[in-house]
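**Q** I'd like to ask you about the structure that follows.
The values are calculated or read from the model by the stated rules, or taken from the named source; none is laboratory data. Every value quoted in this text rests on a predicted model; they were computed, and no experiment measured them. As a convention, Cβ positions derive from the backbone with ideal geometry for all residues, glycine included, and neighbour counts pool all protein chains shown. When the accessible area is computed, the model is the full protein with side chains, heavy atoms only, and any ligands, DNA or RNA have been set aside. Shrake-Rupley method; radii C 1.70, N 1.55, O 1.52, S 1.80 Å.
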Amino acid sequence: MKIAHTIGIAVGLALLLAGVIRLFLPVECDGHTMERGQVCHDTDKGRAVVRTFDEQRSLRDSTTGFLIVGGVIVAAGSAVLLRRTLRAV
């Protein structure tokens, strides 16, 4: 179980790092950098969607938040479980 918990810590830290890096990336639409005043034409669940720059940034920031919070939870939970496993030995 030590290996599984160690992998959990590594995955959690990777998620956290990915989220922090995304904070500094430009807002993109379909792989292209967006500027204020531009709109993004996309599809969501099979429907055509048009998002403003601010809406696209908000969507990106929500995903980034999930990566950061999820990474912290996975890493911390795995660390606690690893600590319990090592104490039991």
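**Q** I'd like the full set of residues that are in a loop (DSSP other than H, G, I, E, B) and among the β-branched types (Val, Ile, Thr), limited to region 22-45.
**A** Hit for region 22-45 is 27, nothing else.
**Q** Something else about it: Take the residues in region 45-60 that are without any contact (Cβ under 8 Å) to a residue 12 or more places away in the chain and open to solvent by less than 70 Å² (accessible area, probe 1.4 Å); name whichever of them is farthest from the chain's Cα centre (by Cα).
**A** 49
**Q** Please work out which one of (1) farther than 27 Å from residue 4 by Cβ; (2) over 15 Å from the mean Cα position of the chain (by Cα); (3) open to solvent by 70 Å² or more (accessible area, probe 1.4 Å); (4) among the hydrophobic types (A, V, I, L, M, F, W, C) is the condition residue 24 fails and give its number.
**A** That leaves (2) as the condition not met.
**Q** Looking at region 61-82, which of the residues that are at pLDDT 95 or above and among the β-branched types (Val, Ile, Thr) is most open to solvent (accessible area, probe 1.4 Å)?
**A** By that ranking, first place goes to 73.
**Q** Among the residues of region 30-44, write down those that are surrounded by 13 or more Cβ atoms within 10 Å (Cβ to Cβ) and at pLDDT below 95.
**A** Scanning region 30-44 gives a single hit, 42.
**Q** Can I ask one more? Looking at region 61-89, which of its residues are among the polar types (S, T, N, Q) and without any contact (Cβ under 8 Å) to a residue 12 or more places away in the chain?
**A** The answer is 62, and nothing else.
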